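Peer 1: I have a structure I would like to understand better, so I am pasting it below and will then ask my questions one at a time.
The values are calculated or read from the model by the stated rules, or taken from the named source; none is laboratory data. Note that the structure is predicted; figures quoted are calculated from it, not measured. Quick reminder, even Gly has a Cβ in these numbers, built from the backbone with ideal geometry, and neighbours come from all protein chains shown. SASA here: full protein model, heavy atoms, side chains in, ligands and nucleic acids out. Shrake-Rupley method; radii C 1.70, N 1.55, O 1.52, S 1.80 Å.
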Amino acid sequence: MPADNASDGGVDVIGKLDRTHKGEAAPTAMFDDPNGVKTTLASFSGKPFVLNLWATWCAPCKVEMPALDKIAAEGKLRVVTVSQDLDGAAAAAPYFAAAKFKALKAYTDKALGLSAAFGNPSLPTTILYDASGKEVWRMTGGMDWTSPTARELLAEAN
């Protein structure tokens, strides 16, 4: 199991791992799916998933997005990226189009309901949920999600 201080001496982990919320249910805050339809994290339960809170103005967020797209494209774990931009889809959709992500979808939360539910964390914040919608861990700060350390962390969903 990776250390709780997520710096393992390499460059693959630059965030902080937090396991203090393990077992907590996902918040019920509503946000918009890529079609502008209101949804909640409960709609993703039944299979483990990763929630990533990010914004177009957040440099570390944008750096880790291609790795998250790669993880999502592998199809083993659903990756839900929810923009915290106040302009919602007007900011996120063009960024996704320009980046040409293959598997990620542009969910948005311009009301910042998810950020508020998580205590307004720094961005990016990535949270792993098990199949029942319970938190496994959260990572605050950027990470190379294709690194060996990240793979080990993501495997905890199984």
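Peer 1: Pairs of Cα atoms under 8 Å, at least six residues apart: use those to get the relative contact order of region 32-158, whole percent.
Peer 2: Answer for region 32-158 is 32 percent.
Peer 1: Now for a different question. Of L53, P94, S115, which is farthest along the charge dipole of region 1-141 in the positive direction, counting Lys and Arg as +1 and Asp and Glu as -1 at C-beta?
Peer 2: It is P94.
Peer 1: Mind listing the long-range amide H neighbours of V80? Cut-off is under 5 Å, sequence gap 5 or more, other chains count too, H placed in the peptide plane at 1.01 Å from N.
Peer 2: Amide H neighbours of V80: V50, L51, N52.
Peer 1: Still on this structure, I have one more. With all protein chains present, how much of the accessible area of the chain (probe radius 1.4 Å) comes from carbon and sulfur, to the nearest whole percent?
Peer 2: On the way: 4190 of 7500 Å².
Summing carbon and sulfur atoms, their accessible area is 56 percent of the total for the chain.
Peer 1: Beyond 19 Å between alpha-carbons counts as too far, so tell me which of K38/K100; K47/K105; K70/K102; K38/K76; K62/K105 fall in that bin. All intermediate terms of the calculation are to be shown ahead of the outcome.
Peer 2: Numbers: K38/K100 24 Å; K47/K105 17 Å; K70/K102 8 Å; K38/K76 25 Å; K62/K105 14 Å.
Those over the limit are K38/K100; K38/K76.
Peer 1: Per residue of region 135-152, in order, report the coupling 6.51 cos²θ - 1.76 cosθ + 1.60 (Karplus, θ = phi - 60°) as ³J(HN,Hα) in whole Hz, putting x for Gly and Pro.
Peer 2: Whole-Hz 3J(HN,Hα) from phi for region 135-152: 5, 9, 6, 9, 10, 9, x, x, 7, 8, 6, 9, 6, x, 4, 5, 4, 5.
Peer 1: Of the beta bridges DSSP finds with both residues in the chain, what % are antiparallel, to the nearest 5?
Peer 2: For the chain, the DSSP antiparallel bridge percentage is about 65.
Peer 1: With a 10 Å cut-off between alpha carbons and a GNM built on the chain, which of M139, M65, M30 moves the most?
Peer 2: Top of the fluctuation ranking is M30.
Peer 1: For a quick check, take a GNM of the chain with Cα springs below 10 Å and name the residue from V79, V37, V50 with the largest mean-square fluctuation.
Peer 2: Highest fluctuation among the options: V37.
Peer 1: On to the next question. Leaving out ligands and nucleic acids, and using a 1.4 Å probe, what accessible area per residue does the chain come to in Å²?
Peer 2: Result: 47 Å² per residue.
Peer 1: Taking the Cα centre of the chain as origin, work out the dipole magnitude from +1 charges on Lys and Arg Cβ and -1 charges on Asp and Glu Cβ, in debye rounded to 20.
Peer 2: Dipole of the chain, to the nearest 20 debye: 320 debye.
Peer 1: Still on this structure, I have one more. Per residue of region 64-72, what does 6.51 cos²θ - 1.76 cosθ + 1.60 with θ = phi - 60° give for ³J(HN,Hα)? Whole Hz please, x for Gly and Pro, Karplus curve as stated.
Peer 2: So the Karplus estimates, Gly and Pro as x, are 7, 4, x, 5, 5, 5, 5, 4, 5 Hz.
Peer 1: Check each of the trypsin sites (Lys or Arg not before Pro) in region 92-158 and keep only those in coil by DSSP with at most 12 other C-beta atoms within 10 angstrom; list them in order.
Peer 2: Within region 92-158, the qualifying trypsin sites (Lys or Arg not before Pro) (loop, at most 12 other Cβ atoms within 10 Å) are K100, K102.
Peer 1: A follow-up question, please. Work out the charge dipole of the chain with +1 on the Cβ of Lys and Arg and -1 on the Cβ of Asp and Glu about the Cα centre, then indicate which of Q84, L104, T125 is farthest towards its positive end.
Peer 2: L104
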